[in-house]
Amino acid sequence: MNGPTSALPRPRWRRSRERDPWERVRLGLILLTTIVTFGTVGYVLLGLGIFDSLYQTVITITTVGFEEVGSTQEITQKYRVFTLVLVVLGTGTVLYTFGVLVDSLIEGSLNDELRRRRMLRDIETYEDHVIIAGWGRMGHAIAHSVGRAGRKIVVIDRAPDDDISDHAVVIGEATDDDVLRQAGIERAGTLIAALTNDADNLFVTLSARSMRPDLFIVARTSDQKNEAKFHQAGADRVVNPHEIGGSRMAALAMQPNVAEFLDEVLHDESHDVAVHEIRVRAGSTMVGRPLRELHVTGGRRPLVIAIRGEDGRYHTNPSPETALVEGEVIIALGSAEELSMLRAQLS
């Protein structure tokens, strides 16, 4: 899997409050409610019953042309003056509310379509990004960690919430091949299947693998018995959140200092130390040379914790005389400067 890249600005899909077309609709409804209340109370004070007052108010402000409600004695000059005032205020309010409602329906639909097209155009420029299928609590947590590493993110969800506004989003079913293409699967570096249903995650994994044989795929499972099926479908890694949570709680109970140290190294950005994986690329000057020849930064070099060979096995605490092989993955701990230099040598 590719390591983190430099931080890049993430496109936003957020409707600003100033440009919200529905704000005028809300204002119109408030004004309309105020006028109806004003008219109803006014006619009650002029002698009509509550229902007759409401009825007279509605037919007045909508100008439907029905005759006035009330007996001849009740239709006084004050009654008609009040009706004239209500016609002027109420008719204008009704026309305004109806107008902004129609305008907002059209504007909202157009804005949504324009935002969708703009988002798809942005995604077409993405390279080596991370696709997250599923925007539940798991998707939120994944995006937070991936975003800190500076990787671009595209989220696929059929009904995303407002918290997704900081990331590119494709609305649809992740099990649909066309939706995966819209998310830029042809150029993505990683796909994370984080849907709540194992069957859906399995289908997404199978579809993504058939479309991109070289894509790195991480899949979520709720049942450890399904892990073999995910690997058969093409997943590179399979994660059971319940197993991870249980293991973490056990580690905190049994070896709290080790667990906290690893948490700080892996997740706390306030310390200038991190653990990165770096692949030995073809053409690197370090291919075939021993670890001890890695460059030193200020008298220090990153600590190589382990080497993962092409066979998938890990060689922990390797000897300084260990020769580097093309395709191996180096797992090293060090400062940002040390790790950057190591990446430059191996890439």
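Listed by position, the strands (runs of 3 or more DSSP E) contained in region 272-343 that have at least 3 residues being surrounded by 14 or more Cβ atoms within 10 Å (Cβ to Cβ) and without any contact (Cβ under 8 Å) to a residue 60 or more places away in the chain are 303-308, 329-334.
In region 328-346, is there at least one residue being more than 18 Å from Leu266 (Cα to Cα) and of a type in the set (Val, Ile, Thr)? No, that holds for no residue. Of everything listed in (1) surrounded by fewer than 11 Cβ atoms within 10 Å (Cβ to Cβ); (2) closer than 23 Å to Tyr314 by Cβ; (3) outside the structural domain of Arg301 (by TED's automatic domain parsing), the single unmet condition for Phe261 is (1). Taken as a whole, region 265-283 holds at least one residue that is farther than 24 Å from Val146 by Cα and either of a type in the set (S, T, N, Q) or outside the structural domain of Thr221 (by TED's automatic domain parsing) (or both). Scanning region 239-257 for residues being of a type outside the set (Gly, Ala, Ser) and surrounded by 11 or more Cβ atoms within 10 Å (Cβ to Cβ) gives a total of 9. As a summary of the residue check, Val179 satisfies the conditions (1) aliphatic (A, V, I, L, M); (2) without any contact (Cβ under 8 Å) to a residue 24 or more places away in the chain; (3) under 25 Å from Glu227 (Cβ atoms) except for the one numbered (3). Of the residues making up region 164-209, those that are more than 17 Å from the chain's Cα centre (by Cα) and under 26 Å from Arg121 (Cβ atoms) are Thr175, Asp176, Asp177, Asp178, Arg181, Glu186, Arg187, Gly189, Val204, Ser207, Ala208.
Determine if region 230-249 includes at least one residue that is part of a helix (DSSP H, G or I), hydrophobic (A, V, I, L, M, F, W, C) and more than 21 Å from Met138 (Cβ to Cβ).
Of the residues in region 230-249, the ones part of a helix (DSSP H, G or I) are 230-233, 241-249.
When the remaining residues are screened for being hydrophobic (A, V, I, L, M, F, W, C), the result is 230, 233, 244, 249.
After this cut, where a residue has to be more than 21 Å from Met138 (Cβ to Cβ) as well, the list is none.
Checking region 230-249: not a single residue is part of a helix (DSSP H, G or I), hydrophobic (A, V, I, L, M, F, W, C) and more than 21 Å from Met138 (Cβ to Cβ).
Scan region 195-215 and tell me whether some residue there is within 30 Å of Glu264 (Cβ to Cβ), buried (at least 16 other Cβ atoms within 10 Å of the Cβ) and not hydroxyl-bearing (Ser, Thr, Tyr). If you could, list the steps in order and put the result at the bottom.
If we filter region 195-215 for residues that are within 30 Å of Glu264 (Cβ to Cβ), which is where we start, we get none.
Looking for residues that are within 30 Å of Glu264 (Cβ to Cβ), buried (at least 16 other Cβ atoms within 10 Å of the Cβ) and not hydroxyl-bearing (Ser, Thr, Tyr), one finds none in region 195-215, hence no.
In region 120-226, which helices (runs of 4 or more DSSP H) lie fully inside it and hold 3 or more residues that are under 17 Å from Asp236 (Cα atoms)? First the steps, then the outcome.
Values: elements: 137-148, 177-182, 198-211.
Fully inside region 120-226 and qualifying: 198-211.
When you scan region 315-329, do you find a residue that is within 14 Å of Pro290 (Cα to Cα), among the aliphatic types (A, V, I, L, M) and within 34 Å of the chain's Cα centre (by Cα), even just one? The answer is no; no qualifying residue exists. Quick check on my filter: what residues within region 216-238 are over 21 Å from the mean Cα position of the chain (by Cα), buried (at least 17 other Cβ atoms within 10 Å of the Cβ) and among the polar types (S, T, N, Q)? Asn226, the sole residue that qualifies.
The values are calculated or read from the model by the stated rules, or taken from the named source; none is laboratory data. Everything quoted here is computed from the prediction, not taken from an experiment. For neighbour counting, all protein chains shown are included, and Cβ atoms are generated from backbone atoms with ideal geometry for every residue, glycine included.
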